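Student: This structure is in structure tokens; I'll ask about it shortly.
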Amino acid sequence: MAFAAFGSTAGPVEQAPRRRSWVALVLLLPGLAYLALFFLTPLVSLVLTSFQEPVEFGDVGQFQQAFKIENYATVIEAYWPHFLRAFGYAIVATIAALLIGYPLAYFIGVKCRSKPLLQAMLLTLVIAPFFISFLLRTLAWKQLMADDTPLVQALKSLSVLPADGHLTGTAFSVIFGLTYNFLPFMTLPIYTTLERLDTRYLEAGADLYASPATTFWKVTLPLSLPGIVSGTLLTFIPASGDYINASSSFLGSAQTQMVGNAIEANFLGLLNYPEAAALSVILMGLILVIVGIYVRRTGTEDLL
Amino acid sequence: MTRQLPQDPIVRELVVQARRMQFSRRNILQGAGIGAGALALAACAPTSAGAPKPAEDISATDKTLTWSNWPAYIDEDDDGNYPTLVRFQDQTGISVEYKVDIDDNNTYYGTIKDQLALGQFTGADTFCLTEWMVARLIRFGYVQDLDAANIPNKKNLAPALLNPDFDPGRAKSLPWQNGFAGLAWNTEEIPAGIKSVDDLWKPALKGKVTVLSEMRDTMGILLLSQGVDISSEDWGTDEYQAAIAVLEENVASGQIFGIKGNEYMQDFVSGDAIAAIAWSGDITVLNAEAGYEKWKFALPETGGTLWGDTFVVPMGSPRKANAETLMNYYYEPEVAAEVAAWVNYITPVVGAKEVAAEKFPEVADNQLIFPDADTLSNAHIFRTLDSADDQAFNAEFQRVKLGA
């Protein structure tokens, strides 16, 4: 509903049909079947798996259905630092993406309005990274931040980094990677709201003796809040479950593993499906709670 | 649910509709129906029930074969063709689809395990996995017996490899390539070289060391450095814990930069790592790319590990005889020598060295490709773990890999 509300600037209200028509139901059917098959079924399977227990005297990867709720306690005890790290990194990356993405979106959406060609080109640049595989781009950053590169050498000679310091494999590089990879998801929704910003409001603010800063806080920011909310959600949710950036093969190290890495290791490395499923269910639940609180706090009601 | 309705007309309408939907009994029933359907579907996920049976062999009429293997693991020319495989197809008329889709034993197993358990076709008639994984496949009854009559060249198998504990006489498996895990280092940064595992923990190398994510290679080398004979049965959890403590300490202190698969090669090139527990063939490839011997590989004084990747035919494959024809072909010394000279790993085929001495003299003396008895005596095979140890040791290793 929160998302539906973002699109509510549309014109006249259309009257919802009073009677349920069969056509609508038939049209809905493929969608419902799709949801049942590819969302509901895996979800049920995931929850069921999270309660499984190892077969007695069984072999690697052999489990049977049970109601072993201890799986949840086990994974929370073993992996709480990974949860903390995941949400910590995701929050910092989201804030960083907002600080970078908002001015970018403002520039493209408001300042470049009179030059449609430039605007289109800049937008293309924002989306351009998507034309190259996400994995390749992350690997490229790993190479750019490697120890022998001019960047790291310069940081060391400026004493920003200690002589035996690294960039790769640190919290910094992981958060950097998350911010970089999800920046377009932040920029584009903010752009769409700012692009429709009525600049006459800003003029009105100036006419009423508000400083540019006050106008921004009182007018521009509230008007672009729907974009910020969807942008932060689109960044935070995938970032907190991400396991590529933090993986040792990419920008992370053993000190930066997030909960996504723990899920991957349990699913693929250990074939410990119940614990992996329990981790996934907890992650999903925590994200739902965090997002729910966030959407409430930013007040979708206020936005309307 | 009796909250006040929102002011906005659209949202108001949405909320009203949503409530109407919520309280319709029929909808609740429908929802329950979908939920039950989902449950039924979820229950379809296969569970291991009885050992699968071999598929009926249609090789006589179906002259095709699908072979899955690891990257850079067969001779390849500049156009991306596989010369030995092309000749095999010309000779036998069997057309082979060679798939490079294995990059990790666990991941590959994870993707095909349901088909394996049901005895269905997995997408490959034969594949080459590492021996510990092959041991598991044999233990589970997932692979077919090989017909020695179809593989006369099996006589060329190195005698030392004929009787592994998991498959005496090689009834169900046949080695593809073997290789060493040992120590590798950058000769420019570390001219003195690395002789023992302890050298990796020197302060000068802090944050510049990587170790392999293959548990048996890394832990095997650490266990050997503590005087444990990893091939024998007389070690267990205590010895393993002592070795994992060393790994954990060096990961926690930042001495070890990462626990990695083949990606450590990138770290060597970029300079992020200058010393590693590594695979022998990789270092030869890196040096070939650099154009000179920038990196060196050696077995530690306390010993390195010898691993092997092995052909198996899963139960679901209906083209076992074709697979056997393929194995037989690759056990001809001429063919084996050609592959070994390209992939830089140890061929299990006796006689390949003599062929290589004639045709590829530059590799015939390479101890990493054609090791002599002296070199081999310092390389050890990790013993097959029983299921409980396998799971416990892997869990410990993954725990260290994930940090705290």
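The values are calculated or read from the model by the stated rules, or taken from the named source; none is laboratory data. A quick note: this is a predicted structure, and the numbers were derived from the prediction, not measured. Here the Cβ positions follow ideal geometry from the backbone for every residue, glycine too, while neighbour counts run over all protein chains shown. Accessible surface areas use protein heavy atoms only, side chains included; no ligands, DNA or RNA. Shrake-Rupley method; radii C 1.70, N 1.55, O 1.52, S 1.80 Å.
Student: Using protein chains only and a probe of 1.4 angstrom, how many square angstrom of A:VAL26 are accessible, to the nearest 10?
Tutor: Estimated to the nearest 10 Å², A:VAL26 gives 90 Å².
Student: Within chain B, what percent of beta bridges assigned by DSSP are antiparallel, to the nearest 5?
Tutor: Around 60 percent of the beta bridges assigned by DSSP in chain B are antiparallel ones.
Student: Can you send over the carbon and sulfur percentage of the accessible area for the protein assembly as shown, probe radius 1.4 Å, protein chains only?
Tutor: With neighbouring chains kept in place, the figure for the protein assembly as shown is 63 percent.
Student: Mind checking the per residue accessible area of the protein assembly as shown for me, 1.4 Å probe, whole number of Å²?
Tutor: 48 Å²
Student: Against the globular-protein guess of 2.2 N^0.38 Å, express the Cα radius of gyration of region B:68-123 as a ratio, rounded to two decimals.
Tutor: Rounded to two decimals, the normalised Rg is 1.38.
Student: What whole-number distance in Å separates the alpha-carbon centres of region B:320-362 and region B:263-312?
Tutor: If you average the Cα positions of each part, the centres end up 22 Å apart.
Student: Something else about it: I need two numbers for region A:72-303: Rg to one decimal and Dmax as a whole number, Cα atoms only, in Å.
Tutor: Both quantities, over Cα of region A:72-303: 20.5, 66 Å.
Student: Moving to a separate point now. Which value in Å is the Kirkwood Rh of region B:105-148 over different Cα pairs?
Tutor: 10.9 Å
Student: Reachable lysines from B:LYS53, Cα under 24 Å, same-chain residues fewer than 8 places away excluded?
Tutor: Result set, ordered by chain and number: B:LYS63, B:LYS113, B:LYS172, B:LYS320.
Student: Percent of Cα-Cα pairs per 20 Å bin, from 0 to the last occupied bin, for chain B, please list those.
Tutor: Whole-percent P(r) values from 0 Å outward: 24, 48, 18, 9, 1.
Student: Further, regarding this structure: Using a 1.4 Å probe and ignoring any ligands, DNA or RNA, find the accessible area of A:ARG113 and quote it in Å² to the nearest 10.
Tutor: Estimated to the nearest 10 Å², A:ARG113 gives 80 Å².
Student: Would you mind putting B:232-240, A:262-270, B:370-378 in packing order, based on average other-beta-carbon counts within 10 Å, highest first?
Tutor: A:262-270, B:370-378, B:232-240
Student: If we sort A:27-36, A:233-242, A:218-227 on the protection proxy, mean other Cβ atoms within 10 Å, highest first, what's the order?
Tutor: Final packing ranking: A:233-242, A:218-227, A:27-36.
Student: Same structure, new question: Rounded to two decimal places and with Rh computed the Kirkwood way over Cα pairs, what is Rg over Rh for region B:265-404?
Tutor: When Rh is taken as the Kirkwood radius, the ratio is 1.02.
Student: Calculate the mean, over all residues of peptide B:107-113, of how many other protein chain Cβ atoms lie within 10 angstrom of the residue's Cβ.
Tutor: 3
Student: Filter B:LYS202/B:LYS353; A:LYS142/B:LYS206; B:LYS296/B:LYS359 down to the pairs with a C-alpha to C-alpha distance above 28 Å, please.
Tutor: Cα-Cα > 28 Å for B:LYS202/B:LYS353; rest within.
Student: Which Rg and Dmax, in Å, describe the Cα atoms of the protein assembly as shown?
Tutor: Computed over the Cα atoms of the protein assembly as shown, radius of gyration and Dmax are 29.9, 96 Å.
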